[in-house]
Structure formats: C-alpha cells, structure tokens
Amino acid sequence: MNADVLVVGAGFAGLYAQHKLRELGLSVRGYEAGADVGGTWYWNRYPGARCDVESIDYSYSFSDELQKEWDWSERYATQPEILRYLNHVADRFDLRRDISFGTRVTSAVYDDDAQHWEVRADNGDVVTATYCVFATGSLSASRIPDIPGLSEFTGRWFHTARWPHEGVEFTGRRVGIIGTGSSGIQATPLIAEQAAHLYVFQRSANYSIPAGNHPHTDETRAAYKATYEQRRRASRESGGGSPHEAHPRRTLEVSEEERNAAYERRWELGGVLFSKTFPDQMATEEANAPARAFWERKIRALVTEPAVADLLVPTDPAIGTKRICTDSDYYPTFNRDDVTLVDIRSAPIEEITPTGLRTTGGEYELDDIVFATGFDAMTGALLGMDIRGRGGWSLRDAWAAGPRTYLGLMTAGFPNIFIVTGPGSPSVLANMVLAAEHHIDWIADCLVHLARTGNATIEADAQAQDAWVRRSNELAENTLFPKANSWYLGANVPGKPGVFMPFIGGFGTYRTICADVVAKGYEGFVLTPLAERRRTPA
Ligand code: FAD
Ligand code: NAP
C-alpha cells in the first residue's frame, strides 16, 4: 500500500489532518487503535469526564459553518457530547473513509535510498509513505502502576482512560479509586453517589478549582457565536489558547484587598484560569503564595473535618505547577459518611489482595478498583512505536535522555516525520484543539512548499534543535513549573528522564516563532531534493 501521507491517530488532531491534507490533493492513509474516531474522547468515558477549556473554545475553528452550526449545551461539555461532536465532524467531512480503525501502528522505518517510510501495523498492513504525521496524542498512553497482586484481584477493575463503553454500575459496591489528578477528581463525586462506600487513595493532593459549569442558553449561544471571530483571534494570540485576560498589574503591585477581589472574581468564574489571575502568578513564589493562600481558605471552608482538609491541601508549595484540576463538588464529597480519604503518602499501598487492597496502614475490602493513575504523557504513544530514522537510528535512543525536537514539530535524523502537539511545543499547556489545528496547518503549508520547490525531504537541523531545546529549558527554568513532581516532567513514570517537556513560552508567541521560521525559508530545517536515483528511473 502506498500513500503520500500516513496519519496515525483519529482524535482532534488526526481528524483535522485527514481533512486538511486530503484537501491538498494528497493521498492520505490513517490508522487508529480505537474502534472509532474521538481519541481522548473515545477512550476516557469515566463518570464526570468533561473538558476544562470552555467548549466554545475547545472545538475546531477551521470551518466557520461548523462552529456556527454546532450548539454546545454546557460551558464545559461532557465526554459523550464531545464525542458526538467529533462524530459529527467525521460524518460532515467524510473523514472515516481512509482510516483503518482498531489497528495499531507498531513501527515506522525510514528507507534512506527510497526516501520514504515503511510503516507496519498490528493487522499485518505495510504502508509506504513519503510523510508521516503522528497525531498519537500527548495523553493517550494510559498507565496502570506496577502494584503487586492485581492479577489475583477477584473484583472488577478499570482505568479511567480505558472505560467500558457500556458504562459501569457501582450501586451497592465498595469501590476504591487510586489517583487524585484531574480524572480522579472528576470521577470521585459521581462514583460516590452510587457506591456503598468509596475509598479515595490519595498519594498527592492536587489543587482543584470548582469548574463553575453551567448550561448554555439560546442567548449565551447567540452571544458567543456573534463574536466567534474575535474570540478565536484572541485565543490564537493568547498564552494558553483561550481568550483570557490576566489582571493588568503584577500580583504584588496591587493592594491585598484588590488582590483578593481579583482572586474572588476568578473563583466565581471558575476553572483552570484561576492560576493565571495575575500575569506573574506562575513566575515566582512570592506572586504565587497569595493565590495559594486564597485557594486554601476556600477549600477549608468546603470541608467539614479539619483533619481531612489538612490531607486535601497539597504539600506542593505553589498552586498550578502541576496541571491544575477543575471539579464539580469534589471537596464536599469528603463530607459524606460513605466516602473515606486514605492517605497513601504516609501509608503506601503494599499490594492488591484477592479481595481488596492493603496499605502499610490497613486492609480495605473492595469490590471494584478504579485506576485514575494517568498517562505516560507526551512521549508514551510515540515511543510505543519502533520508529527508526536515518541509518536505523531509533527514536527511543534519540530521546533516551528526554525528548528533543525542533519547534516540537520534527526531530533531527527523522526526515518527513511530523509530530502534532508533541514535546517542545505548547501542547498540553494550551487549548489543544487550536494547538493541533495550528500544527496541521503548518505541516500542510510545509508540504505545499516542498512540492513547489522540488524538495523531497525536510528534517530538523541538529543545531537548531539543540538551540530550541536550550531555549525551552531556559524558559521553563524561569518559572515555578519544574519545581513540582508533575507529569510535565515525566515524574509519574519510574525511570523517565526528568525533562520539562512542553514549550512554556506561550501559544501566541510560539505561533509567531513558527511563522518567522517559515518566512526565513524554513530556518533551522534542512530541505533536500528528490534523490537523483529516484528522479531518473534506471
Ligand atoms: P488523542 O485524542 O489522544 O488521539 C490520539 C489517538 O491516537 C488515540 O485515539 C490513540 O488511540 C491513537 N494512537 C496512539 N498511538 C497509536 C498507534 N501506535 N497506532 C494507532 N493509533 C494510535 N485538552 C484541552 O486542551 N482541554 C481540555 O479540556 C482537555 N480535557 C481533557 C480531558 C481528559 C480526560 C484527557 C485525558 C485529556 C484532556 N485534554 C484536554 C487533552 C486531550 O488529550 C487533547 O485536548 C486532545 O483531545 C488531544 O487530541 P489528539 O488528537 O492530539 O490526541
Ligand atoms: P494524573 O494527573 O497523572 O493523575 C494521576 C494520579 O494517580 C495522581 O494522583 C498520582 O499520584 C496517582 N498515582 C499514579 N501512580 C500511582 C501509584 N503507583 N500509587 C498511587 N497513586 C498513583 O492523571 P489524570 O488525572 O488522568 O490526568 C492527566 C491529565 O489529563 C490532566 O493533567 C489533564 O491534562 C488531562 N485531563 C483533563 C481533564 C479535564 O478536566 N478536562 C480531566 C482528566 C484529565 P501522584 O500525583 O502522587 O503521582
């Protein structure tokens, strides 16, 4: 099988890649491990799953008709609604026809002589492609921690990112949930409503902000649709891909009263942008501390039992350095008699037993275990494939000390492989739908440029890549982010190199950098013409 472009993944990024690249007249072949489109929203069907960037922003902008015709029912749509939307997009633009579903790409090997990739899938397919677009997701390789005894557990167990399609009924059951990141925090209140008893096994407390979710009305829908263009423009120019305006002054330049009023306004609005109330909030501990103190006062007011509140307040000194969470009724859930918060920081899990779970502090009888234990983020899906570039150089070796990319788009030694929202790009620090659209548009323009200029390959120059990695690291070091043990740094995966992976310079700034690179003739990339032996058939 031959294709101009092979696209792996059929989430937000892969679907748009199908549409955009096909529009260029290229032959596009797609592979998706899931049985249908949706990516994140296909896999993460746990109760409470919803986006935390407003749906009017966390949706495609490439088609004005699409954004005008689709009506979001809530400020933060649920997983089923987002999946319905992605199915609608797939139908509307006929995006399924070139995708093989339920099929995992296992390897991609570059043929230096032929200047193409040979890609293999787990159904035996072998595809020869000039270009590969890896839209494999930054949060798609789910992780179950290596806790002894799981195979002996006689109850049911689930991972939030591999949730059964038919749903799970917890009524009357003793449930244990391990993990208190965004997924665990969203699932906990809803599982608590059903379960006979819910045990929340918490290793690290997280900062979560009530989402402030609400239904849209015809009026609110009409209002945002009337200003969509401005909203999208502001999002593209912003630091995080949504139209947020921080307070015009720095944290300590305003009085305590004004500062608290600003936090209160953001608190009332709800959601993750609380961590950007002031422009310098994530830059220094002095600027972060008042926001953290405000947060702590709010949370302590929501939790009846002071000892439980103590446990729910993170030990991380800064708020927002780990991915901040949003919730609906997470903290009040711990006021229920049928919910127990178990501190596995001071008394770690020893093993899963046939009938539950044992920590160094006690034994818990459980019917069900829910793993809300996250992902091998940003690199897990890419390194899950055996990717070999020039001279058989493996991506796993190239990234052994942490991912290295130029602009997050390409890696030196791997010509014609494009990564979407990967490490070295704003990725998980931005609204990922707009970030994916930006990457795919950049890639499409690049392929047009290669064709127009008679070039067959493009790859990152090693020195430009080094400079980009240095610049990204320096930017991160000037913030509080590297101080936290977060998945941004791979800290959740034993043995993973501790490198801050996303580009933290801001989405708008990053877009400008990418445009400048193009304006300067793809500065930092090496373009090569079609090899002589391919141009002149023997
Ligand atoms: P994905 O949606 O992850 O799709 C990648 C696809 O590639 C997957 O379906 C996977 O099966 C497939 N794949 C991977 N490897 C292979 C392979 N080797 N062969 C074949 N197929 C493969 N981001 C935000 O900006 N805002 C939010 O509110 C938000 N909420 C989130 C909520 C949850 C529960 C989670 C887990 C993430 C959330 N994210 C959010 C991040 C989210 O991952 C992105 O917003 C976005 O959905 C990513 O789209 P994608 O197409 O890049 O990747
Ligand atoms: P996560 O943030 O990585 O949280 C995983 C949780 O599991 C953490 O509490 C972690 O504790 C715990 N854990 C991991 N291994 C453990 C072990 N061996 N023993 C005990 N506890 C363990 O994963 P996530 O909650 O799935 O979220 C990942 C990302 O997906 C989010 O940060 C966000 O970007 C995205 N997401 C977004 C939303 C949304 O609201 N829109 C919802 C879900 C996910 P430690 O912290 O101690 O490691």
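Some values worked out for this structure:
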{"quantity": "Qualifying residue in segment 262-271 (condition: hydroxyl-bearing (Ser, Thr, Tyr) and either under 26 Å from the mean Cα position of the chain (by Cα) or buried (at least 18 other Cβ atoms within 10 Å of the Cβ) (or both))", "calculated": "yes"}
{"quantity": "Exclusive hit being within 11 Å of ligand 1 (Cβ to nearest atom) and in contact (Cβ under 8 Å) with a residue 12 or more places away in the chain, set TYR76, TYR85", "calculated": "TYR76"}
{"quantity": "Residues being of a type in the set (A, V, I, L, M, F, W, C) and either more than 30 Å from ALA347 (Cβ to Cβ) or assigned to a loop (DSSP other than H, G, I, E, B) (or both) - total across segment 196-240", "calculated": "7"}
{"quantity": "Of residues in segment 81-122 being out of contact with any helix residue (DSSP H, G or I) (no Cβ under 8 Å at 6 or more places or on another chain) and among the aromatic types (Phe, Trp, Tyr), the one farthest from PHE414 (Cα to Cα)", "calculated": "TYR85"}
{"quantity": "Entirely in segment 319-380, the strands (runs of 3 or more DSSP E) that have 1 or more residues that are closer than 15 Å to HIS197 by Cα", "calculated": "339-343, 356-359, 362-365, 368-371"}
{"quantity": "Failed item in (1) away from ligand 2 (no atom under 16 Å from the Cβ); (2) in a helix (DSSP H, G or I); (3) more than 16 Å from LEU15 (Cα to Cα); (4) at pLDDT 95 or above, with LYS68 passing the rest", "calculated": "(4)"}
{"quantity": "Residue satisfying all of: in segment 77-115; of a type in the set (Phe, Trp, Tyr) and part of a loop (DSSP other than H, G, I, E, B); surrounded by the most Cβ atoms within 10 Å (Cβ to Cβ) among these", "calculated": "PHE93"}
{"quantity": "Of the criteria (1) more than 16 Å from ligand 2 (Cβ to nearest atom); (2) more than 21 Å from the chain's Cα centre (by Cα); (3) buried (at least 18 other Cβ atoms within 10 Å of the Cβ); (4) of a type in the set (Gly, Ala, Ser), which one GLY356 fails", "calculated": "(1)"}
{"quantity": "Selection within segment 140-165 - more than 16 Å from ligand 2 (Cβ to nearest atom) and under 23 Å from PHE12 (Cα atoms)", "calculated": "PRO164, HIS165"}
{"quantity": "Selection count, segment 479-508, where residues are away from ligand 2 (no atom under 15 Å from the Cβ) and either charged (D, E, K, R) or in a loop (DSSP other than H, G, I, E, B) (or both)", "calculated": "7"}
{"quantity": "Subset tally (residues that are in a helix (DSSP H, G or I) and closer than 30 Å to ASP111 by Cα) for segment 451-478", "calculated": "10"}
{"quantity": "Filter result for GLY38 (on the phi > 0 side of the Ramachandran plot and either modelled with pLDDT of 95 or more or part of a loop (DSSP other than H, G, I, E, B) (or both))", "calculated": "yes"}
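Let's see how each residue does on (1) within 16 Å of ligand 2 (Cβ to nearest atom); (2) surrounded by 19 or more Cβ atoms within 10 Å (Cβ to Cβ); (3) more than 24 Å from HIS165 (Cβ to Cβ):
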site	(1), (2), (3)
ASP4	no, no, yes
GLY11	yes, yes, no
LEU15	no, yes, no
HIS19	no, yes, yes
GLU23	no, no, yes
LEU26	no, no, yes
TYR31	no, yes, no
GLY39	yes, yes, no
TYR42	yes, yes, no
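The values are calculated or read from the model by the stated rules, or taken from the named source; none is laboratory data. Note that the structure is a prediction, hence the values are computed from the model and not measured. Note that we place each Cβ from the backbone using ideal geometry, even for glycine, and neighbour counts take in every protein chain shown.
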